[in-house]
Each structure stands twice: as C-alpha cells, then as structure tokens.
1. Which residue is surrounded by the most Cβ atoms within 10 Å (Cβ to Cβ), if the candidates are limited to region 384-427 and must be outside any helix (DSSP H, G or I), touching a helix residue (DSSP H, G or I) at 6+ places or on another chain (Cβ under 8 Å) and aromatic (Phe, Trp, Tyr)?
2. Mind telling me which of the residues GLY39, GLY22 ends up being surrounded by 17 or more Cβ atoms within 10 Å (Cβ to Cβ), touching a helix residue (DSSP H, G or I) at 6+ places or on another chain (Cβ under 9 Å) and either touching a residue at least 60 places away in the same chain (Cβ under 8 Å) or outside any helix (DSSP H, G or I) (or both)?
3. When only residues in region 231-271 that are farther than 25 Å from ASP405 by Cβ and basic (Lys, Arg) count, which is surrounded by the fewest Cβ atoms within 10 Å (Cβ to Cβ)?
4. Is it fair to say PRO377 is surrounded by fewer than 20 Cβ atoms within 10 Å (Cβ to Cβ), touching a helix residue (DSSP H, G or I) at 6+ places or on another chain (Cβ under 7 Å), in the same structural domain as ASP289 (by TED's automatic domain parsing) and of a type outside the set (A, V, I, L, M)?
5. When residues of region 141-172 are filtered for being assigned to a helix (DSSP H, G or I), closer than 21 Å to PHE224 by Cβ and aliphatic (A, V, I, L, M), how many remain?
6. Regarding region 315-323, can at least one residue be identified that is in contact (Cβ under 8 Å) with a residue 24 or more places away in the chain and outside the structural domain of SER258 (by TED's automatic domain parsing)?
7. Exactly one condition in (1) in a loop (DSSP other than H, G, I, E, B); (2) more than 18 Å from the chain's Cα centre (by Cα); (3) modelled with pLDDT of 95 or more is not met by GLY193; state its number.
Amino acid sequence: MSEMSPADVRERIDHPVVDSDGHYWEHWPDLDRYVRDEGISEGLNALWATGTFDGSPHWAGVVPEERPRVRPFRQTWWGVPFANTDDLAAAMAPSLMYRRLDELGLDLAVCYPTWGLVVPSQRNDEIRRGLCRAWNRYTADVYDGFGDRLVPVATIPTATPQEAVAELDHAVVDLGFKVVMLGGFAVRDLDSGGTWIDSLGLDSAYDYDPLWQRLVELGVVAGFHSGSMGWSGRRSITNFSYNHMGNFAGASEATLKSLLFGGVLHRFPDLRLNFLEGGTTWAVQLVHDMIGHYHKRGPEGLPAYDPDAFEPDRFDKLLAEHAGRLNPEPGFGSQFADFFRTPDVVNDFEAAGITGPDDVIRQISTTCWFGCEADDPLTRLAFDPELPGGVPLNAVFSSDIAHWDVANMVDVMPEAYEQVENGWLDKEQFRAFMCDNAVRLCTGADPGFFKGTILEGYQPD
C-alpha cells in the first residue's frame with residue numbers, strides 16, 4: 001500500500017480526477033417513505049422480501065437445515081465499512097461527501113446506489129417499477145444542490161422496453177438525471193418450468209430498439225452494474241467470495257455479447273455504455289474471442305467445416321488402410337458427415353454488422369467503457385499496445401467507495417496511483433484512466449454534460 005496521501009497524488013498529476021462509479025448508501029427511514037408514497041404498503045420490506053435477481057429466497061431467511069435443499073446463494077455479508085464511521089456517514093449524506101471530495105482527491109463523482117443495484121431485477125412488476133420510481137425521486141431530492149461535483153444515477157428497470165422507456169423519460173425529462181443505470185438482463189420464465197436470462201439483445205423476448213433509440217435522443221450515459229451472483233456456477237450456499245468473484249464481469253459479458261451479436265452497437269453507434277466493476281480483462285478476452293470466432297466461424301472461414309466439402313469414400317479408404325485396432329465399416333464416412341449436416345446454416349455475425357476485425361474493434365471502442373477499481377492490477381491490459389488494431393479499451397476509474405472493497409476512502413487515490421509507481425501505466429495512460437476517458441464517455445452522449453460542473457470547459461488531451 002502506498003504511503004502517499006490524496007494530496008500527494010494530486011501534486012504529481014496535472015489533470016482532474018473523475019470517479020465513474022462511486023456509491024452511496026441509502027438512508028432507509030427516508031427512502032421507506034418514498035417507497036410507500038409509490039403505493040407499496042410494505043415499504044422497503046417489499047425489497048427485503050424479494051431482493052434476489054430471480055425471486056429465490058434470501059439466504060438469511062432460510063434455516064441452515066433447509067439450505068442444501070432450497071439452495072439459496074450466499075449473499076454479501078459484512079459488506080459495509082463499519083470500522084470507518086466518517087466514511088459511512090459520507091456515503092449516506094451527500095452534503096458530507098461533497099465536503100470531503102477535495103480530501104479524497106476527487107473533482108467529480110458519479111454516484112450509484114447500493115441496494116438500488118438489485119431493484120431493476122425484481123420479478124414483481126408493480127414492486128419493481130414502484131421501487132425504481134421511489135429510488136429515483138429519493139436520489140434526485142437528496143442530491144439536489146450538489147450537481148457541480150456529484151452526479152447521481154437513476155435506476156431503470158428493463159423487464160420490457162416499454163417499461164424501460166417510460167421510467168427513462170421520467171428519470172431524465174422529469175427528474176433531470178444525466179446518467180442512468182439499466183438492468184443488464186431480465187429473468188424470464190420458461191413454460192416448461194425454470195427460468196432463462198434475457199440479456200436484451202440477441203434472442204431477446206422483446207425488441208429493445210426503442211430503448212436504445214431513446215437513450216441516444218435524450219443524450220444520457222447508460223451504466224450496467226448488474227451482477228451474476230446466483231447464476232449457475234455462482235450459487236454456493238456457504239461461500240460469498242465464491243459467488244462474488246467475477247460476478248460483475250460475468251453479467252457484463254453476457255450483456256455486451258448480446259448487444260454485439262444482436263446488432264445493437266451496429267444500429268446505434270451513438271450509444272455510450274459503461275460496464276461497471278468488472279474490470280477490463282473480460283472485455284480484452286471478448287475482443288479477441290469475437291475476432292477469433294469471426295475468422296473461423298464467419299463467412300470466409302465456415303467453408304472449411306462444410307460437410308459437402310468432405311470426401312466420404314476417400315475417408316473410408318484411408319481408415320481401411322490404417323485401421324490398426326479399429327474395425328472400419330464401409331459407408332461410415334457418409335454417415336459421419338450426414339450426422340453433422342444442418343439446414344440452418346447462418347452467418348452468426350450478420351446481424352452484428354461485422355464483416356471483419358475492424359468492425360469489432362470500432363463498435364466496442366466507440367460505444368463501450370469499462371469500470372476498473374483503484375486496486376485492479378490488470379487495468380493495464382486495456383492499454384496494451386498488442387490489443388487488436390493497437391486500439392486501447394476505454395478503461396475508467398471506478399472507486400467503489402462506500403462498499404467493502406474500500407475500507408478507507410482516503411486510500412483510493414494513492415492506490416490508483418500505484419498503477420504509475422509500479423510501471424503499469426504511464427502518465428498519459430493514467431490521465432486517460434482517471435479523467436479523459438470518462439469525459440469522452442459523458443460528452444459523447446451529451447456535449448453539454450459538464451455544463452455547470454467543476455469540469456465545464458475541460459478538454460481531454
């Protein structure tokens with residue numbers, strides 16, 4: 001851990017610092033009143049009762065003897081930095097956070113909720129929409145007057161595009177939000193029982209183009225902060241860390257792949273999307289995987305796997321000549337090829353508008369940003385000159401203050417600067433990570449995003 005203070009770091013840099021993913025803790029007594037005002041008579045108890053992405057029981061509400069049968073996934077426990085009372089108070093009171101920004105070394109912070117992260121995934125339609133409206137009215141009210149340095153985020157449900165557009169309009173047009181958090185997926189019921197994950201693009205149950213179009217028209221940044229704890233492979237009934245590791249990256253990858261293959265980024269290049277708290281390693285792999293799959297599964301590569309290109313008689317002859325302990329049967333070559341034939345030959349990349357690696361690079365580098373925490377040692381991969389096309393990914397500094405990842409808020413800036421001290425990022429890359437990439441994200445959605453803020457008039461290098 002660096003022994004520098006935030007002030008020490010600020011002396012060494014010549015640019016502002018933008019936190020693209022700070023968090024706040026909701027003040028339950030006040031928020032409960034907003035929830036009841038939306039007609040939810042149970043108040044916040046409605047969320048406590050249904051606060052898992054798939055409507056499954058809370059782990060804490062299932063007695064230990066029943067957990068092996070019911071399989072509730074172990075959720076966050078001791079997730080609050082209680083040992084630092086001042087930090088927790090700042091996370092709950094915007095006025096105190098505002099006063100402490102200089103102490104923390106931050107010029108401007110985008111503020112995401114805590115409990116609000118799971119609100120868009122609630123299964124009950126009435127509760128989901130009522131909670132989102134309550135969260136947004138509460139957030140707009142408590143952050144009023146601090147907009148020059150604190151940018152609050154609206155919570156938008158995405159169970160249907162109609163619901164999403166209605167709540168988006170309410171949040172942006174009526175309440176004045178400039179950044180929104182979209183639910184990154186919707187859980188759908190299968191007629192045969194069970195559920196499936198709809199990631200809003202490829203094979204979605206709905207056409208979400210009206211949502212993407214409205215985001216562009218309103219000029220707002222859309223963040224994705226959904227997690228995949230509780231999905232298959234992250235459903236331990238005993239171990240939170242097992243469930244938590246990679247869960248934001250997993251959900252983000254599902255959403256981004258869905259938007260790519262569904263053609264959303266192709267049709268809406270003016271979208272500005274921020275995938276948060278998952279780092280960039282998953283995105284680096286996704287870029288390479290998309291290009292690798294295109295080379296072998298795209299139109300130019302597929303003929304190598306066409307059963308019609310196979311020579312079954314020659315195959316049978318070769319097997320017979322080199323049988324060894326095999327017992328070749330005449331005609332097996334034709335049977336083998338027929339097994340793999342399909343009338344459904346498709347170009348997986350057609351809807352995505354991908355005709356080569358450059359399209360993959362352009363779509364992701366134009367529309368997508370990726371939040372990395374201060375202590376993420378792999379942020380540097382976003383700036384690797386060996387990335388396809390030599391084009392870096394848009395990594396943005398995302399502190400995650402208020403959550404257990406950050407025991408002391410004053411440590412965040414020095415921890416981030418270790419990227420430079422360790423030689424992982426140079427000064428220009430650090431500037432892009434801590435400031436310029438975030439500025440480009442926001443002004444790419446709305447050129448006037450920073451009007452009236454401390455960053456008004458700032459121009460990235």
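The values are calculated or read from the model by the stated rules, or taken from the named source; none is laboratory data. All values reported here derive from a predicted model rather than from experimental measurement. Cβ sites come from the backbone with ideal geometry, for glycine too, and all protein chains shown count toward neighbours.
1. Among residues in region 384-427 that are outside any helix (DSSP H, G or I), touching a helix residue (DSSP H, G or I) at 6+ places or on another chain (Cβ under 8 Å) and aromatic (Phe, Trp, Tyr), the one surrounded by the most Cβ atoms within 10 Å (Cβ to Cβ) is PHE397.
2. On the way: GLY39 fails: surrounded by 17 or more Cβ atoms within 10 Å (Cβ to Cβ).
From the options GLY39, GLY22, the qualifying one is GLY22.
3. Going through the qualifying residues, I end up with ARG267.
4. Values: surrounded by fewer than 20 Cβ atoms within 10 Å (Cβ to Cβ): yes; touching a helix residue (DSSP H, G or I) at 6+ places or on another chain (Cβ under 7 Å): no; in the same structural domain as ASP289 (by TED's automatic domain parsing): yes; of a type outside the set (A, V, I, L, M): yes.
No.
5. Filtering region 141-172 for residues assigned to a helix (DSSP H, G or I) gives 141-142, 161-172.
Going one step further and asking which of them are closer than 21 Å to PHE224 by Cβ, we end up with 161-172.
In the following step, the residues that additionally are aliphatic (A, V, I, L, M) were identified as 164-166, 168, 171-172.
Count: 6.
6. As a first pass, look at region 315-323 and keep what is in contact (Cβ under 8 Å) with a residue 24 or more places away in the chain: none.
Looking through region 315-323, none of the residues is in contact (Cβ under 8 Å) with a residue 24 or more places away in the chain and outside the structural domain of SER258 (by TED's automatic domain parsing).
7. In the conditions (1) in a loop (DSSP other than H, G, I, E, B); (2) more than 18 Å from the chain's Cα centre (by Cα); (3) modelled with pLDDT of 95 or more, GLY193 misses (3) alone.
For every residue, the table says whether it meets (1) assigned to a helix (DSSP H, G or I); (2) not aliphatic (A, V, I, L, M).
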residue	(1), (2)
ASN274	no, yes
ALA283	yes, no
HIS293	yes, yes
LEU319	yes, no
PHE336	yes, yes
ALA352	no, no
GLY371	no, yes
ALA374	no, no
ALA382	yes, no
